[in-house]
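Throughout, read-outs are computed from the coordinates displayed, never taken from laboratory work. Fair warning: this is a prediction, and the values are worked out from it, not measured in the lab. Counting neighbours? That spans all protein chains shown, and the Cβs are built from the backbone with ideal geometry, glycine included.
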Amino acid sequence: MLPLGVLTPDEPRPVLLMNTIWANRSQLHDDLTTVGGLRDFLGVPADEGDLRAFRELRQALRDLAGVLTEDTREIAQGRDLERAVAEVNRAARSAPQWPQLAVRDGELVRHKESEGSLADSERASIAAEAVELFTGESRVLLRACHAPGCVLYFVKDHPRREWCSPSCGNRVRAARHYRRNRGESPGPNGFS
Ligand SMILES: [Zn+2]
């Protein structure tokens, strides 16, 4: 298994969660099939209940990203907007959080306190970031990657960016090159 986030390490956390479903060649991979996988993703303790909750949140985020990007890829079909909205809202409430003041080296600093487990707190903050992502300026920059076979999303952070990752860009260029030079088509998913 590739290390988590290796294809799109710089995306915002809601997108990183969406992209724990990824494809390699014609095979789909899911980094969140075990509690261990979720722990690796979050970096905090987690249990079976957290795994179920994060998988539900991930599906909701992917559904909403699918709607926003008008995603026509096969993996993005069958999305349910109302259920997705309700799920993100539920996740955002899973751990109440509030800002607190502290004094550090004579300076006032702010930190966040939260009720609930660390995993709940991560889920609530990823959901809150998703609310920002889907309603703020970056919502028009969210993209589905249309490289052959890819199932990832990304935020188009510079005007010339077309693909989720350099590896998708390279694959698309290689497939074009192959077609031009051989007059043949590459494999069904563009992996030649
Ligand atoms: Zn891609």
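Against the longest alpha carbon principal axis of the chain, how many degrees, from 0 to 90 and to the nearest 10, is the axis of helix 166-182 turned?
Relative to the chain, helix 166-182 is tipped by roughly 10 degrees.
Size of the dipole of the chain about the Cα centre, Lys and Arg at +1 and Asp and Glu at -1 on the beta carbon, nothing else charged, in debye to 20?
1060 debye
Taking the Cβ-Cβ separation of residue 109 and residue 34 as r and a Förster radius of 41 Å, what is the calculated FRET efficiency to the nearest 0.05?
Numbers: r = 37 Å, r/R0 = 0.90.
After rounding to 0.05, the efficiency reads 0.65.
Quote the Stokes-Einstein diffusion coefficient, in whole µm² s⁻¹, for the chain, based on the Kirkwood radius over alpha carbon pairs, a temperature of 37 °C and a viscosity of 0.692 mPa s.
Working: Rh = 18.1 Å.
Rounded to a whole number, D works out at 181 µm²/s.
Mind jotting down the distance between the C-alpha centroids of region 119-147 and region 13-83, whole Å?
12 Å
Quick one: Karplus J couplings for region 85-90, per residue in order, coefficients 6.51, -1.76, 1.60, θ = phi - 60°, nearest Hz, x for Gly and Pro?
After applying 6.51 cos²θ - 1.76 cosθ + 1.60, I find 4, 4, 5, 4, 5, 4 Hz.
What list of ³J(HN,Hα) values in whole Hz, one per residue of region 56-61 in order, does the Karplus curve 6.51 cos²θ - 1.76 cosθ + 1.60 (θ = phi - 60°) give from phi, with Gly and Pro shown as x?
Result, ordered by residue: 5, 4, 4, 4, 4, 5 Hz.
Between helix 118-135 and the chain, what is the angle of the helix's C-alpha long axis to the longest principal axis, kept within 0 to 90° and rounded to the nearest 10?
Taking Cα atoms only, the helix is inclined about 60 degrees.
For the chain, which cysteines have no second Cys with its Cβ under 4.7 Å from theirs?
168
5 Å is the cut-off here: which amide hydrogens, built 1.01 Å from N in the peptide plane, fall below it relative to residue 152, excluding neighbours closer than 5 in sequence?
Under 5 Å from the amide H of residue 152: 145.
Just to be sure I understand the model, the point goes 7 Å from the Cα along the line to the Cβ. What's the resulting residue 181 to residue 167 distance in nm?
My value for the distance between the label points is 2.2 nm.
How far is it, in nm, from the label point at residue 128 to the one at residue 140 when both lie 7 Å from their Cα along the line to the Cβ?
That separation, rounded to one decimal, is 2.7 nm.
From the residues 174, 98, 29, which one has its Cα farthest along the dipole of region 13-182 in the positive direction, the dipole being from +1 and -1 charges on Cβ of Lys/Arg and Asp/Glu about the Cα centre?
Going by the charge dipole, the pick is 174.
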